[in-house]
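Peer 1: Pasting in a structure now, in structure tokens, and then I'll have a few things to ask.
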Amino acid sequence: MLINSHNKDNIEIRPRFKLISVYDKGYIIKKITSALPQQTEVIGIVKGNHFFLGIENSKQHYWSPTMEIVVEKDFEDENKTSVRCLIGPRQTVWMMLMFFYIGIGVLAFFGGMYGLVKWNLGKETILIWAFPAAALLFGIIYLTSKYGQKKGRDQMLYLVSFLYHAIGDEQIERL
């Protein structure tokens, strides 16, 4: 199955979610920071209230996910803490996908416009097929990214599980 069953938005490539905890912001940061060295499967970088988690280097593959976590006071209730999470491919993979999307979009736009102008002038051109070809390539890239998301699903669930266990709040609420 190419769809994330845990999320309402089934077409997203980089799932995001938010946790609301009754614990203090500093306490949650300390809990995650102290849990990282005890873990052999998860590596992380801590920068203030930002955490960048990934899978240990020897277990990584091309589609291994990374998780960005931001811990801050909740905007709606000052007594609670918000833990925002974003899970996606590594930055190099993400940039490659975005490069392909942007490149194909630019080529489709200019090639397609040139093809439409030639077609309106009554001249034959193959560039009229730039729009359907771009749509096909967009679909292929999207399906490739969903395949990669499926390959990294177990590691993604491991990162999420690590976060829940590190915080240790039994009353944590997921939004």
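Every read-out reported here was derived from the displayed coordinates using simple, explicitly stated rules and does not represent laboratory data. Only a predicted model underlies this, so the values are computations on that prediction, with no experimental measurement involved. Reconstructed Cβ throughout: ideal geometry from the backbone, glycine too, with neighbour counts over all protein chains shown.
Peer 1: For the residue pair I128 and E72, what label-to-label distance in nm results when each label sits 7 Å from Cα along the Cα-to-beta-carbon direction?
Peer 2: 5.1
Peer 1: Go through 45-53, 83-91 and give me the packing order, highest mean Cβ count within 10 Å leading. The partial results should precede the final answer.
Peer 2: Working: 45-53: 14.6, 83-91: 18.4.
Final packing ranking: 83-91, 45-53.
Peer 1: Suppose R0 equals 22 Å; then what is the FRET efficiency for L86 and K150 from their Cβ-Cβ distance, rounded to the nearest 0.05?
Peer 2: 0.75
Peer 1: State the dimensionless ratio Rg/Rh of the stretch 95-143 (Rg: radius of gyration of Cα atoms; Rh: Kirkwood radius). Intermediate results must be reported in sequence, preceding the final value.
Peer 2: Numbers: Rg = 12.0 Å, Rh = 11.1 Å.
Dividing the radius of gyration by the Kirkwood radius yields 1.08.
Peer 1: Sticking with this one: Need the full-extension length gain, I102 to Q60, defined as separation in residues times 0.36 nm minus the C-alpha distance. One decimal, nm.
Peer 2: Details: separation 42, 0.36 × 42 = 15.12 nm, distance 2.71 nm.
Extra length available between I102 and Q60 comes to 12.4 nm.
Peer 1: Follow-up. What value in Å³ per residue do you get for the convex hull of the alpha-carbon atoms in the chain?
Peer 2: Values: hull volume 25.3 nm³, N = 175.
Convex hull of Cα atoms, per residue: 145 Å³.
Peer 1: Hey, another quick one. Just want the answer: with Cβ charges of +1 for Lys and Arg and -1 for Asp and Glu, which residue in I29, G152, M98 is farthest toward the dipole's positive end in the chain?
Peer 2: M98
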